[in-house]
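Reading through the structure tokens given below for one structure.
Just so you know, all these numbers are worked out from the coordinates, no wet-lab data involved. Note that the structure is predicted; figures quoted are calculated from it, not measured. When we count neighbours, we look across all protein chains shown, and the Cβ atoms used for this are built from the backbone with ideal geometry, even at glycine.
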Ligand code: HPA
Ligand code: ZN
């Protein structure tokens, strides 16, 4: 069994995946065509040239623009099924996927259209591939807070269709505590709470997400490494970090994968898992992220620990979890 195959067959959960970030350029053009939308790119080659990012914002600009091609429930179902089809060959048994409803609502869609399509794709994925999944409603932190609140108000009756609440988009200048009210409400609905923090923002934002949002996982969180006390806390409170190596490199959070403090943090007891973030934008799906780590010297036993961490860090019930481990 070579390393590639071993990685692809390791049972794993994907816990940090923006479903809109799995929109491949080919599908974006196909949906634009299907929906009569004109994108400012001549063809696939021209579109492909846009995927050179210098920071988080330069990626978000393209990501939000291409989201405009998603219009119908069928589009969202097709998007989800394309993702699950890819990762079904990469050992993914369970996925907790973010979506950005505020952006779709700003594009004129009813949030129920979005959710119905995604949930249909998720149901099909369970039937076809045996992959279980859940939806995490992610607040887009650089849009007006009242748009986050109104999305929450419009889906709160669909309690069982949503697994959790998250927080994403431009980080610096939008500290977690700004969203304490929405997270408090989500918690009363029985939803899990996670938040992006410490990607471009400082360790202080990770602490803020723990203290004011009661986040159960931190998405990215790599800047936690600058605060020794915080690392101790993440370890002792068993707060997992959902890291995304290829994303960090493509968005120039680090200059090279070797700079990522993953081994360092694991040695200090932090529960690290590996994810793709926005696989259509960052050059690979989840197994490609594991392979990239293998490429810089992570051993199969280290990668196995990360895969086990991903299953233990998921919000599935104990019976399903034990079946996956
Ligand atoms: N960070 C913040 N917001 C995002 C990301 C990310 O990596 N991907 C999609 N929205
Ligand atoms: Zn992310």
Distance in Å, no decimals, from the C-alpha centre of region 117-145 to the one of region 268-325 is 19 Å
How far is the Cα center of region 177-239 from the Cα center of region 14-72, in Å? 29 Å
In deg cm²/dmol, rounded to 500, what helix-only [θ] at 222 nm does the chain give when every DSSP H run of at least 4 residues adds -39500 (n - 2.57) and the total is split over its residues? -14000 deg cm²/dmol
Under the classification rounded if a/c is under 1.5, otherwise prolate if a/b is larger than b/c and oblate if not, where does the chain fall, given a ≥ b ≥ c as square roots of the Cα gyration tensor eigenvalues? rounded
Going fewest to most other Cβ atoms within 10 Å around each Cβ, 223, 16, 177 line up as 177, 223, 16
Relative contact order in percent for the chain (Cα pairs under 8 Å, 6+ apart) equals 21 percent
Specify whether the C-alpha gyration tensor of region 2-131 places it in the rounded, prolate or oblate class, a ≥ b ≥ c being the square roots of the eigenvalues: rounded for a/c under 1.5, otherwise prolate if a/b is larger than b/c and oblate if not. oblate
Rg to Rh quotient for region 136-276, alpha carbon positions, Kirkwood Rh: 0.98
